[in-house]
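The values are calculated or read from the model by the stated rules, or taken from the named source; none is laboratory data. In this text the structure is predicted, and so the values were computed from the model without any measurement. Methodologically, a virtual Cβ is constructed for each residue, glycine included, from the backbone with ideal geometry; neighbour enumeration extends over all protein chains shown. SASA here: full protein model, heavy atoms, side chains in, ligands and nucleic acids out. Shrake-Rupley method; radii C 1.70, N 1.55, O 1.52, S 1.80 Å.
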Amino acid sequence: MVSVELGSTADADAVADRWVELAAEQREFDSHLSADANRSAIREAIAQSAVADELLVARTDGGDIVGFVTFGTESSNYEQDVTRGVVQNIFVVPERRGEGIGSELLRAAERRLAESGADALALEVMAANDDARRFYRRHGYAPHRVELEKSVESDTLTKE
């Protein structure tokens, strides 16, 4: 049995370990984030999310964290006509995928964002991560913005 509950600062190390797993997996889809090198920075961000009640964990009866989600309200210097809630990270350990844990984490984060006044929900997904894109489509997410990227090679910059 797995329960989804608010995470605490006491969970920061375990969730940081899970985030490192997430970042390492995302390298397969061309993410530029270094997994281990960012562990201390993400641990601090996770602790801050816990303090702000913006961290949910999926915990087994034995206390192990098998998934997590972080989220918050988008902040900007620009006036917007909606308040956007943003899901920043969602992860379930590979051996527990397909059990509905990710869906439960996402729904719980969506509820908390709606309760805090969000009018719209947003998240990012790696373009090449077809499984994640299918998962989010099943939950009603559709493309809103598209980020494009190209590699900078010295010979292409010097050619006229």
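For region 72-111, trypsin sites (Lys or Arg not before Pro) meeting the loop criterion (DSSP other than H, G, I, E, B) and having at most 15 other Cβ atoms within 10 Å: Arg97. Each residue of region 92-109 was assigned a 3J(HN,Hα) from its phi angle through the Karplus curve 6.51 cos²θ - 1.76 cosθ + 1.60 (θ = phi - 60°); the sequence is 10, 4, x, 6, 10, 5, x, 9, x, 5, x, 4, 5, 4, 4, 4, 5, 5 Hz, with glycine and proline shown as x. Just the protein heavy atoms count here, and of the accessible area of the chain at 1.4 Å, carbon and sulfur take up 46 percent.
Taken as Cα centroids, region 1-54 and region 60-112 sit 11 Å apart, rounded to the nearest whole angstrom. Across all directions, the average projected area of the convex hull around the alpha carbons of the chain is 11.9 nm². For the chain, the mean residue ellipticity at 222 nm estimated from helices alone is -11000 deg cm²/dmol, where every DSSP H run of n ≥ 4 contributes -39500 (n - 2.57) and the total is divided by all residues, rounded to the nearest 500.
When only Cα pairs below 8 angstrom with a gap of at least 6 residues are kept, the chain shows a relative contact order of 21 percent. Couplings for region 77-86, taken from phi via the Karplus curve 6.51 cos²θ - 1.76 cosθ + 1.60 with θ = phi - 60°, read 7, 9, 6, 10, 8, 9, 9, 9, x, 10 Hz in order; Gly and Pro are left as x.
Over region 70-160, accessible surface divided per residue gives 74 Å², non-protein components excluded, 1.4 Å probe.
When the chymotrypsin sites (Phe, Trp or Tyr not before Pro) in region 59-160 are filtered for DSSP coil states and for at most 16 other beta-carbon atoms within 10 Å of their beta-carbon, the remaining sites are Tyr78, Tyr141. Rounded to the nearest 10 degrees, what's the angle between the helix 12-26 long axis and the longest principal axis of the chain, both from Cα atoms, 0 to 90? Between the helix axis and the principal axis of the chain, the angle is about 40 degrees. The string of couplings for region 131-145 from the Karplus curve (6.51, -1.76, 1.60, θ = phi - 60°) is 4, 5, 4, 5, 4, 5, 4, 4, 9, x, 7, 9, x, 10, 10 Hz, one whole number per residue in order, with x for Gly and Pro. Amide hydrogen proximity for Thr73: with H placed 1.01 Å from N in the peptide plane, the residues at 5 or more positions away or on another chain lying under 5 Å are Val86.
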